[in-house]
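Visitor: Quick one: this structure, given as structure tokens, is what I'll be asking you about.
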Amino acid sequence: MSVFMDLNIISSNDKSRLRSIIETAAHLGYSTVALNYVVEPKQKKQEIPKPQSISDIFEKFPIVQGKSTPIKVLNRLTIVATDASHFRPTNEYKLFDIVAVYPKTEKLFHAACMTFDVDIICIAVAEKQPFHFKRAPVYGAIDRGVFFEISYVAAIRDSTMRRYTIANAISLIEACKGKNIIISSGAEKPLEMRGPYDIANLGLVFSLSEGDAKSAVSTNCRSVLLHGETRATASGVVFTMKKPQALKEQTEDTPASKKAKTEAS
């Protein structure tokens, strides 16, 4: 059975609204959601927020529909960048499970694909894409394990934005051949969310294959989370783990270790 995820639920100080959205996500069958904190550095005094404690929203997390496990809630940071200086990773970035960037120019899109240390690159959905997607940077991002995000909520709100969403999505998918795509909601309220199978069908409208459309709300999202874990652990080169004391004593008491001690003495 597939594990479905929505990695873009807009965070809010309204805990009641967030609770309703997360409960709706669990009811629709999403096993994991990410609360998205959107920051536009060009705006004065806009700082990186600290993720709110999920335990303040729920005493007990809702159970995912069709499963016996509670929904998992992650934190995500999205930087809306109009200048290269707007994306400067700081210690605050480490507070988030996922880091995304929304580049507003072609130059920044190229930089995001080739050099920015991010997990997700967002594309325009509420306006005409201001530049064409070129395959070189797109495949550069794919090679680095970075994913492209299409949010569908704009298509629900307005017919004009629906045309932009579909056109921009098709343009991106033509460039990447359906690889490394995730589809998320960008929802701010429960009524804006749709079930994972509905979103997979929407992927067909975006010109994704049936398999790629399903992956866009399941396995690709899982890959984003793994990329985020790798990014936060020195590119996944070295993992260290302290041996439990009980296991250490057990190892020291093995015949081989006793023989080694005897020979050494």
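The values are calculated or read from the model by the stated rules, or taken from the named source; none is laboratory data. Just so we're clear, the structure is a prediction, and the values are computed from it rather than from any experiment. Glycine also receives a Cβ, built like all others from the backbone with ideal geometry; neighbour counts cover every protein chain displayed.
Visitor: Pick out the one residue from S2, S31 that is touching a residue at least 12 places away in the same chain (Cβ under 8 Å), under 22 Å from L225 (Cβ atoms) and in contact with a strand residue (DSSP E or B) (Cβ under 7 Å, 6 or more places away or on another chain).
Guide: S31
Visitor: Given the condition loosely packed, with under 14 Cβ neighbours inside 10 Å and not basic (K, R), answer yes or no: does some residue in segment 118-125 qualify?
Guide: No, segment 118-125 contains no residue that is loosely packed, with under 14 Cβ neighbours inside 10 Å and not basic (K, R).
For (1) surrounded by 22 or more Cβ atoms within 10 Å (Cβ to Cβ); (2) in contact with a Ser or Thr (Cβ under 6 Å, 6 or more places away or on another chain), each residue gets a yes or a no:
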position	(1), (2)
I170	no, yes
K177	no, no
A187	yes, no
T230	no, no
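Visitor: Given the structure, is I48 assigned to a loop (DSSP other than H, G, I, E, B), within 20 Å of the chain's Cα centre (by Cα) and closer than 30 Å to R194 by Cα? Break it down stepwise before answering.
Guide: Values: assigned to a loop (DSSP other than H, G, I, E, B): yes; within 20 Å of the chain's Cα centre (by Cα): yes; closer than 30 Å to R194 by Cα: yes.
Yes, satisfied.
Visitor: Considering only residues of segment 114-143 that are of a type in the set (D, E, K, R) and under 15 Å from the mean Cα position of the chain (by Cα), which is farthest from N220 (Cα to Cα)? Explain how you work it out, then say what you get.
Guide: First, pick out the residues of segment 114-143 that are of a type in the set (D, E, K, R): 117, 119, 127-128, 134-135, 143.
Filter again for under 15 Å from the mean Cα position of the chain (by Cα), leaving 117, 119.
On the way: D117: 18, D119: 11 Å.
Top of the filtered list is D117.
Visitor: Are any residues in segment 15-43 in a helix (DSSP H, G or I), at pLDDT 95 or above and among the hydrophobic types (A, V, I, L, M, F, W, C), and if so, which ones?
Guide: Matches in segment 15-43: I21, I22, A25, A26, L28.
Visitor: Out of S12, S2, S68, which single residue is exposed (fewer than 14 other Cβ atoms within 10 Å of the Cβ), of a type in the set (S, T, N, Q) and outside any strand (DSSP E or B)?
Guide: Numbers: S12 fails: exposed (fewer than 14 other Cβ atoms within 10 Å of the Cβ); S2 fails: exposed (fewer than 14 other Cβ atoms within 10 Å of the Cβ).
Residue meeting the stated conditions: S68.
Visitor: So in segment 185-203, with the set limited to residues that are assigned to a loop (DSSP other than H, G, I, E, B) and of a type in the set (D, E, K, R), which one is nearest to A26 (Cα to Cα)?
Guide: R194
Visitor: Does A100 qualify as being in contact with a strand residue (DSSP E or B) (Cβ under 7 Å, 6 or more places away or on another chain), small (G, A, S) and touching a residue at least 24 places away in the same chain (Cβ under 8 Å)? Outline the logic, then answer.
Guide: On the way: in contact with a strand residue (DSSP E or B) (Cβ under 7 Å, 6 or more places away or on another chain): yes; small (G, A, S): yes; touching a residue at least 24 places away in the same chain (Cβ under 8 Å): yes.
When the stated conditions are applied, A100 passes them.
Visitor: While we're looking at this one, here's another question. Checking L108 against (1) touching an Asp or Glu at 6+ places or on another chain (Cβ under 9 Å); (2) aliphatic (A, V, I, L, M); (3) closer than 27 Å to S2 by Cα: exactly one of these is not met. Which one?
Guide: (3)
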